[in-house]
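The values are calculated or read from the model by the stated rules, or taken from the named source; none is laboratory data. Predicted model, so just to flag it, every value in this text is computed and none were measured. Cβ placement follows ideal geometry from the backbone for every residue including glycine, while neighbour counts extend to all protein chains displayed.
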Amino acid sequence: MALGDKKDTLTQDIHESVRYVLGKHVKITERRAVRMETKGDKMENRILVFTPCRLFVFTPKIPTKIDFNLHYLDLQSIESKKLSQLTLSTMDKVYSFHTQEELNQTSDSLITAIVTAISDLFPGIPIDQVVRRIEVSPVGRMENLSNLLRGSNSETELSIPCGNFSRQYACMCDYYGLPYREEVAWDVDTIYMSHNSKELNLRDFDHLDPKDLIPIIAALELNSFFLQFRCSHLKLSHECSERLLAVLKKSTTLEEIYVDNAGFKGDFANKLSMAIISNSNSSLHGIDLSHNLIEDRGATHLSSSLSKAHRGLVKLSLSHCGLTGKGVVQIGHALVLNKCMASSLQHLDLSNNVAKDDINTICSFLAQPNVLTFLNLSSTDIALEP
């Protein structure tokens, strides 16, 4: 069965009115006249207009206007149990559309327009990582769609710089209603690409307003190119911190975060721990929280995720974090509990914390066979035996 159906004939006046409302710079990938379910069994005519980041629903009259719109990142589910029906769900609303069966139209091209747009935006990322649930029946319809996406994705990955970061950044600017900064896209597409740099350093953009950093961080959620994130010696706003936590909850490719001297306290360590635990597909194996006063409370929260990290860590830096022996004991206990740590952890820095003699759990970890190549316990007031 063909996924691209014959389009209905929308009038030229409608086309021009839609273009006028959206503006000439918005790319339109698909237009379709449909009937939308409203209250009860009532159906009303609407026009669906698909763009790279959003679905716009227009009224079918001249001059036309936007009834409402959906950003693809808000979609929770896509469902089609009949050829002529499409249901889209967000966190708090459900929208049902019906194609015109008398014109032999199906909803396949509508589903294709959404899923292809998402796939083009986030190459290398499984569609169910963006939209939690997609139910299309009969099964053959979904198989055709999957085959289409498989070819599209492989071509897209080879032809765009840095995993399509600049378009993902633009998508996040649109999502959060923040201005798009051309210089951000240029730096990534030109400088980062030419050096094949897999580390996104927020200091490269610290001349921007703090709110302009939000979409830069958010773009890492579904990016398959960058493996490290660094914001060393850069105090992050609450909004930026929340976006970083959202990235850690969702990213399957980010491996290392360097957030030393970012102004974090124990509460952030708690949220960081919960973010790590919630992402069962996380690739995170390096954490540098040095020079953040997370104190013993933060170390206790962090230890809960360290003990459960399913692949262990390669690097852990907690220098100058205001820990006492109580916090160091908790970290050491987590390292011992996690059986992966002995074969994964290569770098451990607990320097400049007042551990004194409360290092029994650290010693227990060190006493077992391990792969540590760097250990720093300097300035911890540990009593060294002669």
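Count, please, the residues in the stretch 308-335 that happen to be of a type in the set (D, E, K, R) and within 11 Å of N353 (Cβ to Cβ).
At the first step, the residues of the stretch 308-335 found to be of a type in the set (D, E, K, R) are 308, 311, 315, 326.
Now narrow it down to the ones that are within 11 Å of N353 (Cβ to Cβ): 326.
Matching residues across the stretch 308-335 total 1.
Looking at (1) out of contact with any Lys or Arg (no Cβ under 9 Å at 6 or more places or on another chain); (2) under 27 Å from S278 (Cβ atoms); (3) not basic (K, R), find the lone condition where L345 falls short.
(1)
Residue by residue, here is whether (1) over 23 Å from V188 (Cα atoms); (2) among the hydroxyl-bearing types (S, T, Y) holds:
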residue: K211; (1), (2): no, no
residue: H238; (1), (2): yes, no
residue: V247; (1), (2): no, no
residue: V259; (1), (2): no, no
residue: G263; (1), (2): yes, no
residue: L272; (1), (2): yes, no
residue: I277; (1), (2): yes, no
residue: L284; (1), (2): no, no
residue: S307; (1), (2): yes, yes
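Test Y95 against the stated conditions and say whether it is loosely packed, with under 12 Cβ neighbours inside 10 Å, farther than 21 Å from S146 by Cβ, of a type outside the set (K, R) and assigned by TED's automatic domain parsing to the domain that holds V130.
Considered against the rule, which asks whether it is loosely packed, with under 12 Cβ neighbours inside 10 Å, farther than 21 Å from S146 by Cβ, of a type outside the set (K, R) and assigned by TED's automatic domain parsing to the domain that holds V130, Y95 comes out as no.
How about the stretch 331-380: which of its residues are assigned to a strand (DSSP E or B) and surrounded by 13 or more Cβ atoms within 10 Å (Cβ to Cβ)?
H347, L348, D349, V354, L375, N376
In the stretch 265-322, how many residues are in contact with a strand residue (DSSP E or B) (Cβ under 7 Å, 6 or more places away or on another chain), more than 27 Å from S224 (Cβ to Cβ) and of a type in the set (S, T, N, Q)?
2
Look through S84, S119, S109 and report the one residue that is out of contact with any helix residue (DSSP H, G or I) (no Cβ under 7 Å at 6 or more places or on another chain) and small (G, A, S). Lay out the reasoning, then the answer.
On the way: S84 fails: out of contact with any helix residue (DSSP H, G or I) (no Cβ under 7 Å at 6 or more places or on another chain); S119 fails: out of contact with any helix residue (DSSP H, G or I) (no Cβ under 7 Å at 6 or more places or on another chain).
Step by step, each of S84, S119, S109 is checked, and only S109 is out of contact with any helix residue (DSSP H, G or I) (no Cβ under 7 Å at 6 or more places or on another chain) and small (G, A, S).
For the stretch 263-282, check the following and say yes or no: at least one residue is within 18 Å of H347 (Cα to Cα), surrounded by fewer than 21 Cβ atoms within 10 Å (Cβ to Cβ) and without any contact (Cβ under 8 Å) to a residue 40 or more places away in the chain.
No: zero hits.
When you go through R35, R31 one by one, which is the residue that is out of contact with any Leu (no Cβ under 9 Å at 6 or more places or on another chain) and surrounded by 14 or more Cβ atoms within 10 Å (Cβ to Cβ)?
Step by step, each of R35, R31 is checked, and only R35 is out of contact with any Leu (no Cβ under 9 Å at 6 or more places or on another chain) and surrounded by 14 or more Cβ atoms within 10 Å (Cβ to Cβ).
Determine, yes or no, whether S290 is closer than 15 Å to I257 by Cβ, part of a loop (DSSP other than H, G, I, E, B) and not assigned by TED's automatic domain parsing to the domain that holds Q129.
So S290 passes the test.
Out of the residues in the stretch 171-197 meeting the condition of being closer than 17 Å to I160 by Cβ and touching a residue at least 40 places away in the same chain (Cβ under 8 Å), tell me which one is surrounded by the most Cβ atoms within 10 Å (Cβ to Cβ).
Only one residue fits best here, namely C171.
Looking at the structure I just gave you, is H310 modelled with pLDDT of 95 or more and either at negative phi or assigned to a strand (DSSP E or B) (or both)?
It is false that H310 is modelled with pLDDT of 95 or more and either at negative phi or assigned to a strand (DSSP E or B) (or both).
Being in a loop (DSSP other than H, G, I, E, B) and touching a His at 6+ places or on another chain (Cβ under 7 Å) is the filter; apply it to the stretch 244-272 and report the residue that is farthest from K198 (Cα to Cα).
That would be N261.
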